[in-house]
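Everything on this sheet refers to the single structure shown next.
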Amino acid sequence: MSTCSIKVDYENPQGLATAWARVSEEPSQERRRVLLAELEGLLAQRNAVLVAHYYVHPDLQDLAEKTGGLVSDSLEMARFGKQHPATTLVVAGVRFMGETAKILSPEKTVLMPEYEAECSLDLGCPGDAFHAFCDAHPDRTVVVYSNTSAAVKARADWVVTSGCAVAVVRHLHEQGQKILWAPDRHLGDYVAQETGADLLSWQGSCIVHDEFKAAELADLKTKMPRARVLVHPESPRSVLALADYVGSTRGILEAAGDPAVETFIVATDNGMFHKLRQTYPDKVFIEAPTAGSGATCKSCAHCPWMAMNGLENLRAILDSGTPEVTIDPALIDRARLPIERMLAFTQAGAPRATGRVPHLGAALTKFREG
Ligand code: 13P
Ligand code: SF4
């Protein structure tokens with residue numbers, strides 16, 4: 001099986017840095033059939049459930065659903081993994097998703113087809129620099145996006161995903177709290193605009209969504225006036241301004257169900273098109289433009305780290321059971337609190353906390369000194 005390495009430039013506090021993603025070639029049709037049959041057996045043998053993100057290969061998404069697992073956005077992946085009775089969670093996505101699963105279910109074995117599947121937002125927000133940023137602004141409530149390491153989550157008062165960021169920050173703003181936000185600057189900008197919150201943001205970005213181009217999208221809209229535009233909020237403000245709907249991957253899937261609309265232009269990773277077309281076979285989905293002035297080799301609208309997940313490495317990890325996702329237990333104890341806050345906040349019908357939501361500072365001090 002041949003593998004190619006993709007060089008990826010991403011933003012970090014020092015400027016541009018480089019990371020790598022290794023993507024393997026597709027198995028032949030015959031090998032694919034063998035692998036899919038074996039994987040069903042291996043999942044059952046290990047009492048394992050497969051939880052996949054919408055951006056991973058269609059074969060993994062279909063296998064997850066066929067075997068009683070889930071395909072969803074990062075919020076529902078976290079909730080499902082925590083609630084599911086399987087003793088092993090297999091997370092097809094990127095590292096922060098596997099880590100979130102482990103933090104919420106430390107008693108379970110958590111495996112990933114590819115543990116080195118990174119995320120530019122996570123890489124661009126190192127724990128020590130982020131802790132220094134928080135130390136410089138102790139009066140702010142720390143809200144971090146789930147696309148971060150366990151060390152960053154351990155410093156947060158709240159963890160949010162794109163599915164609940166606006167609701168959580170609005171809630172905090174209504175209580176008069178000022179926000180320190182990390183790491184995605186576009187999502188932070190969008191949340192501040194939607195809620196009116198005083199929000200100080202880290203300056204990270206997603207290498208995939210940062211590439212959508214507003215001028216070309218505006219041209220496309222003019223050519224297709226009946227199409228509606230669905231945009232993930234990691235995209236730049238100029239692209240969000242052209243959207244008919246802004247939301248998480250799951251939100252995009254739901255918005256595409258509008259019976260009055262037949263054609264959608266979609267600005268998110270093109271892995272999403274599998275589930276969109278499967279769910280709405282009579283509708284037309286068009287990729288929002290990424291090429292244009294300033295386009296680079298990153299402009300394929302597909303996350304190179306999500307692309308690292310495949311049937312072969314899933315089989316290898318289920319066969320060997322290693323490496324497991326492991327996190328320092330002290331970090332787990334601290335990082336779990338803000339994630340559980342998010343899950344409680346977003347639970348259907350959950351009572352909303354009233355009054356000022358306390359900072360988690362005391363637990364943090366203990367963690368840092370311990
Ligand atoms: P969602 O939470 O919307 O699935 O997004 C996760 C992600 O990594 C988007 O790039
Ligand atoms: Fe991270 Fe962007 Fe990939 Fe999502 S698409 S995992 S935000 S790099």
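The values are calculated or read from the model by the stated rules, or taken from the named source; none is laboratory data. All figures in this text were calculated on a predicted structure; none of them were measured in a lab. When we count neighbours, we look across all protein chains shown, and the Cβ atoms used for this are built from the backbone with ideal geometry, even at glycine.
Return yes when GLY41 is at pLDDT 95 or above, in a loop (DSSP other than H, G, I, E, B), surrounded by fewer than 24 Cβ atoms within 10 Å (Cβ to Cβ) and not charged (D, E, K, R) and no when it is not.
Details: at pLDDT 95 or above: yes; in a loop (DSSP other than H, G, I, E, B): no; surrounded by fewer than 24 Cβ atoms within 10 Å (Cβ to Cβ): yes; not charged (D, E, K, R): yes.
Spelling it out, it is not the case that GLY41 is at pLDDT 95 or above, in a loop (DSSP other than H, G, I, E, B), surrounded by fewer than 24 Cβ atoms within 10 Å (Cβ to Cβ) and not charged (D, E, K, R).
Being assigned by TED's automatic domain parsing to the domain that holds PRO13, within 24 Å of ASN47 (Cα to Cα) and over 17 Å from the mean Cα position of the chain (by Cα) is true for just one of THR100, THR109. Which residue is that?
Numbers: THR100 fails: over 17 Å from the mean Cα position of the chain (by Cα).
It is THR109.
So CYS119 ticks every box in (1) within 14 Å of ligand 1 (Cβ to nearest atom); (2) over 20 Å from ARG250 (Cα atoms) but one. Which box is left unticked?
Condition (2) is where CYS119 drops out.
Determine which member of the set ALA316, ALA260, ALA344 is in the same structural domain as VAL168 (by TED's automatic domain parsing) and either more than 16 Å from ligand 1 (Cβ to nearest atom) or not aliphatic (A, V, I, L, M) (or both). Walk me through it before giving the result.
Details: ALA316 fails: in the same structural domain as VAL168 (by TED's automatic domain parsing); ALA260 fails: in the same structural domain as VAL168 (by TED's automatic domain parsing).
Exactly one residue qualifies, and that residue is ALA344.
Polar (S, T, N, Q), at pLDDT below 95 and more than 16 Å from ligand 2 (Cβ to nearest atom) - does that describe any residue in segment 353-362?
In the first step, residues of segment 353-362 are kept if they are polar (S, T, N, Q); the result is 354.
Then keep just the ones that are at pLDDT below 95; that gives 354.
If we keep only those that are more than 16 Å from ligand 2 (Cβ to nearest atom) too, we end up with 354.
Within segment 353-362, one or more residues are polar (S, T, N, Q), at pLDDT below 95 and more than 16 Å from ligand 2 (Cβ to nearest atom).
Might you check whether a residue that is of a type in the set (Phe, Trp, Tyr) and either within 21 Å of GLU234 (Cβ to Cβ) or away from ligand 1 (no atom under 16 Å from the Cβ) (or both) occurs anywhere in segment 54-75?
First pass over segment 54-75, keeping only residues of a type in the set (Phe, Trp, Tyr): 54-55.
Adding the requirement that they be either within 21 Å of GLU234 (Cβ to Cβ) or away from ligand 1 (no atom under 16 Å from the Cβ) (or both) leaves 54-55.
Yes, because at least one residue in segment 54-75 is of a type in the set (Phe, Trp, Tyr) and either within 21 Å of GLU234 (Cβ to Cβ) or away from ligand 1 (no atom under 16 Å from the Cβ) (or both).
Residues of segment 251-284 being touching a His at 6+ places or on another chain (Cβ under 7 Å) and either of a type in the set (S, T, N, Q) or not in a loop (DSSP other than H, G, I, E, B) (or both), which ones?
So in segment 251-284, the residues touching a His at 6+ places or on another chain (Cβ under 7 Å) come out as 252, 267-271.
Within segment 251-284, ILE252, ALA267, THR268, ASN270 qualify.
Just one of HIS274, HIS186 is out of contact with any Phe, Trp or Tyr (no Cβ under 9 Å at 6 or more places or on another chain) and either at pLDDT 95 or above or within 14 Å of ligand 1 (Cβ to nearest atom) (or both); which is it? Walk me through how you get there before you give the answer.
On the way: HIS274 fails: out of contact with any Phe, Trp or Tyr (no Cβ under 9 Å at 6 or more places or on another chain).
So the residue among HIS274, HIS186 that is out of contact with any Phe, Trp or Tyr (no Cβ under 9 Å at 6 or more places or on another chain) and either at pLDDT 95 or above or within 14 Å of ligand 1 (Cβ to nearest atom) (or both) is HIS186.
Cβ contacts < 8 Å: first residue under 16 Å from ASP269 (Cα atoms), restricted to segment 229-244; second residue of a type in the set (S, T, N, Q) and outside any loop (DSSP other than H, G, I, E, B), any location; separation 6+ or different chain. Result?
Close Cβ pairs (under 8 Å, with a partner that is of a type in the set (S, T, N, Q) and outside any loop (DSSP other than H, G, I, E, B)) amount to HIS232/THR249.
Any chance segment 318-327 includes a residue that's part of a helix (DSSP H, G or I), modelled with pLDDT of 95 or more, crowded, with 19+ Cβ neighbours inside 10 Å and more than 22 Å from the chain's Cα centre (by Cα)? Break it down into steps so the answer makes sense when it comes.
Here is the first cut: in segment 318-327, the ones part of a helix (DSSP H, G or I) are 318-320.
Right, trim to modelled with pLDDT of 95 or more and you get 318-320.
If we keep only those that are crowded, with 19+ Cβ neighbours inside 10 Å too, we end up with 318.
Remaining after also requiring more than 22 Å from the chain's Cα centre (by Cα): 318.
The answer is yes, given that some residue of segment 318-327 is part of a helix (DSSP H, G or I), modelled with pLDDT of 95 or more, crowded, with 19+ Cβ neighbours inside 10 Å and more than 22 Å from the chain's Cα centre (by Cα).
Given the options VAL34, VAL23, name the one that is more than 26 Å from the chain's Cα centre (by Cα) and over 30 Å from GLN83 (Cα atoms). Reasoning before the result, please.
On the way: VAL23 fails: more than 26 Å from the chain's Cα centre (by Cα).
Every option except VAL34 fails the conditions.
Residues of segment 83-104 being surrounded by fewer than 21 Cβ atoms within 10 Å (Cβ to Cβ) and in contact with a strand residue (DSSP E or B) (Cβ under 9 Å, 6 or more places away or on another chain), which ones? I'd like the intermediate steps shown before the answer.
Our first condition is that a residue be surrounded by fewer than 21 Cβ atoms within 10 Å (Cβ to Cβ); within segment 83-104, this holds for 83-88.
Scanning segment 83-104 gives HIS84, PRO85, ALA86, THR87, THR88.
Which one of ALA64, ALA78, ALA101, ALA86 is small (Gly, Ala, Ser) and at pLDDT below 95?
On the way: ALA64 fails: at pLDDT below 95; ALA101 fails: at pLDDT below 95; ALA86 fails: at pLDDT below 95.
After applying the criteria, what remains is ALA78.
Which ones in segment 206-250 are buried (at least 20 other Cβ atoms within 10 Å of the Cβ), hydroxyl-bearing (Ser, Thr, Tyr) and either in the same structural domain as THR148 (by TED's automatic domain parsing) or not in a loop (DSSP other than H, G, I, E, B) (or both)?
THR249
Test each condition in (1) in contact with a helix residue (DSSP H, G or I) (Cβ under 8 Å, 6 or more places away or on another chain); (2) within 12 Å of ligand 1 (Cβ to nearest atom) for GLY251 and report the one that comes out false.
(1)
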